[in-house]
Structures are given as structure tokens and as C-alpha cells.
Amino acid sequence: MTTTRLVAALPQVYATAALRVLIPIVVLPLVASRVGAEAFGRLGFILVWAALLSTLVEGGFVAAATRLAVAADDAGRWSIARRVCTARLALSLLALPLAALAVRWGAPDDAHAARDVLAIAALACAYAWTATWYLQATQQLARWARVEFVVYAAMIVAAVAGARSVGAYVAIQLVASTTLAVAGWWWLWRDLATVPERRPLVGRDALGPGLRLGWTMLPVAIAGAAYTVALPAAASAQLGRAELGAYFLVDRIVRAVVSAADPGYSLVYPRIVALQAVDLRRGLRYAARWAALGSAAGALLYAAVTLGWPLLASVAASRGWHAELVRAQPIVLVLAGIWPVVLGWKFIGYWMLGSGRHDNAYRLSIVAAGIVGVALAATVGGAAGPIGLAWTAIGVELVVVAVATLAMGASAWRRPAGAR
């Protein structure tokens, strides 16, 4: 995709991203005010564990399969789809027992335990069964954004109108996520209809190759979840439900801003890969320009939140969200500090991932930070409450950057003379 086409596609994908941002900024505070702090903490528990387990079911294919599918023809993409589908089906079988273990560890005496297990497992599978790898590799995310726009708009309307309990919100989220998963695979099926002698999407012969393909990035995906959903999940046994709910609400808002940039990353990544095929340094310069823009945008956003808090407080108070805002304020002012770091760093991370030379350094940084983050969240971070957990999240992001920089420097130092 040329830079001109990329920029032209941004309005479509960001219109959908704007709707996704409304969910944590508008819908979740509304649900919190309706169901109360304790019940919202239970909802947070369900959603963070569902998102964490979804990384396992997803299988690492968003990164691993995308890189292969970018250069493949239709027959090759169908072969990749068979591997992805078969491996994901096998991984989906793990969702229910792992959800049961999560509930037993985090809320063993909860009267809603059985329902929470089912909710976590169902949402984990619905989140994971996307065809993002295919849509990203074929540069169709701008067209796909129209489908997402309709689904997210319907979800927001349904949640505002009917999400008056934990079960109602879970059901609305499950329907929306399942719809997107089914629609994405139907899109793939339609695009590849002309592939001669298509073999079934699920086949025993595709299981081993599929798991091996995803394994290259699965540890990174799981570890990468450490500084989003794994931190509150790891601390959920130490935090009270109201504390967990407050942290979850802020974390979803902060991460929604980060996720709003995902369409940009998805559009830029294939361009980075294409440039790296010509020259690694050219790809790095391109990624660095986007990284500078991302960091500047993150800093401006943080300044806007800090300076605009009094206005936000008055608006929230007028809608009856004052209690939620009081609990959230100190957490926001710490956790939002990740914006300048992450919004810039991810472009460099994608460059490392697609380089073929520094991808191991990228994996090492994510895994190391994931281990550090979960260990801290389950101990001192969780014990220090929501603020301690927020500082843990900041520390994890800095560990990623530090380890990746050191590992990339070591890799460059060992580079043979004359290598590009």
C-alpha cells in the first residue's frame, strides 16, 4: 500500500476506532453506575480473564500468519487459513478448563462462579476467532472497517439501552464479537472461492503445521497481554472487587486510546515489511517517522487529560458518575503515562518483528516484560492496590523498550561485515 493510499484509508478505519473508544469511555462508566462497584468488579474480572485466555486461543496468528500471507497467492493463503482454523479449533478446547481454573483462583467463593466460567470461556473464543491476519495481509482493513462500524454501533446502542446487569453486558459483547468473527471468516471464504480444489478448512494434517506456525508468536502474544489484561488478572486475587473494577475501568479507557492506533499500525506494518525487503534501514526510517508522530500524539493526549480533568469531572458529576471518577482520578494520572511510550514504540516493535533479523530481540523483550509484569502484579503491585498496579504497568512498558534496545544492539554488534 502506498503512502497516499494508506492516508486515504485512515478515515475509514479511524471512524470505527472512534466507536471502539466510546465503549470504555461512555458505555463502561454507564454500566458501572447502573450495577454498582462490586458487580462491576465482577464484570471486570470476567472481561480481563476472557481477554487473557483469548490470546492463547488466537494462537499468535495475527503476527505469524500475516507475515506469510502478505507474499502468498490465493492458494497459499487458503493453506494458511487451514492451518490457522484447525489450530484455533484445538486451542479453543482449552478455554473452558482454563476459565474454571481462573475463577477457582481469583473468586473461589463467588456465588456466580459457574456462570462466570462459561462467560469467560465463551468470550475468550469469540474474541480470538477473528480473521484479522488475512484482512491485514490482503490490505482490506479499510473495507472491513465498515463492517466493524455497523457491529460496534449496534453494540453501543444495545448496551446503552439494555446493559443493566453483568449478564446483559456479557451477552451483548458476546453477540458482537461472534458476529465479527463469523463475518471475517466468511469474507476470507468468499475471497478465496476460486482456489482450485480447496481442501476443507479443518483437517488433521493441518493441525501440526498450524500449531508450529502460531508457536513462533504465541509466547509473544501471551506475554504481550501482560501489560494489558494479565496485570489485573494476576492481581485479581489481591484486589477487592471495587478496587479491581476501578482499575479495570481506567485501564480500559487508557488501553482504548492505545487500541485506537491499531488500525494505523495494521496499515503501516505491510508497508514496513515491503520496504525492509529492499533495505532494512529504509524500513527503519519509515517506522521511526511514524514513531515520532505516535509519541508526540501520546504526550499531547496526556497533557490534555491532565489539564482537562476539572471539565471532565463536572461532566461526569452531572451524569451521576462522580464516585467512579473520584476512584479513577489518581489511577488515570499514573496509567495514562504509557501513551507517549507505547504509541511511539509499537512502530519500532513492528519494524523489529518484520525485519527477519531483530524479531528474536522483539520476542525476548515482550516475554521478559511479561514475566516481570505478572510476577510484580501478583505480589507487590497487587498488594499496593490500583495505584501500585498502575506503576507496575508503566514499569513493564519501560522494560520492553530497554530489553528490546539492548537485544537489538547486541544483534547489530554481531552482524557480519557487509550485511545490510
Checking Ala145 against (1) more than 29 Å from Ala32 (Cβ to Cβ); (2) buried (at least 19 other Cβ atoms within 10 Å of the Cβ), the condition it does not meet: (1)
Restricting attention to region 108-132, which residues are in contact with a Lys or Arg (Cβ under 9 Å, 6 or more places away or on another chain), among the aliphatic types (A, V, I, L, M) and open to solvent by less than 10 Å² (accessible area, probe 1.4 Å)? Ala128
Could you look through region 183-202, keep only residues that are of a type in the set (A, V, I, L, M, F, W, C) and free of Cβ contacts under 8 Å to residues at least 24 places away in the same chain, and pick out the one that is least open to solvent (accessible area, probe 1.4 Å)? Ala193
Among the residues in region 276-291, are any at pLDDT 80 or above and buried (at least 23 other Cβ atoms within 10 Å of the Cβ)? yes
Some residue of region 383-403 being within 24 Å of Ala297 (Cβ to Cβ), open to solvent by 10 Å² or more (accessible area, probe 1.4 Å), among the small types (Gly, Ala, Ser) and at pLDDT below 80: no
Sole miss for Gln238 among (1) under 29 Å from Trp339 (Cβ atoms); (2) assigned to a helix (DSSP H, G or I) is condition (2)
Can you tell me how many residues within region 182-203 are farther than 30 Å from Asp359 by Cβ and either out of contact with any Phe, Trp or Tyr (no Cβ under 9 Å at 6 or more places or on another chain) or modelled with pLDDT of 90 or more (or both)? 10
Among the residues of region 99-109, are any of a type in the set (Asp, Glu) and touching a residue at least 60 places away in the same chain (Cβ under 8 Å)? no
Hey, can you tell me all the residues within region 160-181 that are modelled with pLDDT of 95 or more and over 19 Å from Ile120 (Cβ atoms)? Thr179
In this structure, does Arg164 turn out to be assigned to a loop (DSSP other than H, G, I, E, B) and either more than 30 Å from Asp73 (Cβ to Cβ) or without any contact (Cβ under 8 Å) to a residue 40 or more places away in the chain (or both)? yes
Which of the numbered conditions does Phe40 fail, given that it passes all the others? Conditions: (1) within 23 Å of Thr130 (Cβ to Cβ); (2) modelled with pLDDT of 85 or more. (1)
The helices (runs of 4 or more DSSP H) lying entirely within region 296-376 that contain at least 3 residues which are under 28 Å from Leu280 (Cα atoms) and modelled with pLDDT of 80 or more are 338-355
Given (1) within 24 Å of the chain's Cα centre (by Cα); (2) without any contact (Cβ under 8 Å) to a residue 40 or more places away in the chain; (3) open to solvent by less than 20 Å² (accessible area, probe 1.4 Å), number of the condition Val258 does not satisfy: (2)
Report, by residue number, each residue of region 1-18 that is at pLDDT 75 or above and either crowded, with 19+ Cβ neighbours inside 10 Å or not in a helix (DSSP H, G or I) (or both). Thr16
Report, by residue number, each residue of region 84-97 that is in a helix (DSSP H, G or I) and open to solvent by 60 Å² or more (accessible area, probe 1.4 Å). Leu89, Leu96, Pro97
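Restricting the search to region 158-176, which residues are of a type outside the set (A, V, I, L, M, F, W, C) and crowded, with 22+ Cβ neighbours inside 10 Å?
Tyr169, Gln173
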Between a first residue in region 9-20 that is at negative phi and a second residue that is at pLDDT below 65, which pairs have beta carbons less than 8 Å apart while being 6 or more apart in sequence or on different chains? Ala9/Met1
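The values are calculated or read from the model by the stated rules, or taken from the named source; none is laboratory data. Predicted, not measured: the structure shown is a model, and the values here were computed from it. All Cβ positions, glycine included, derive from the backbone under ideal geometry; neighbour counts span all protein chains shown. Keep in mind that these areas ignore ligands, DNA and RNA; they rest on the heavy atoms of the full protein, side chains included. Shrake-Rupley method; radii C 1.70, N 1.55, O 1.52, S 1.80 Å.
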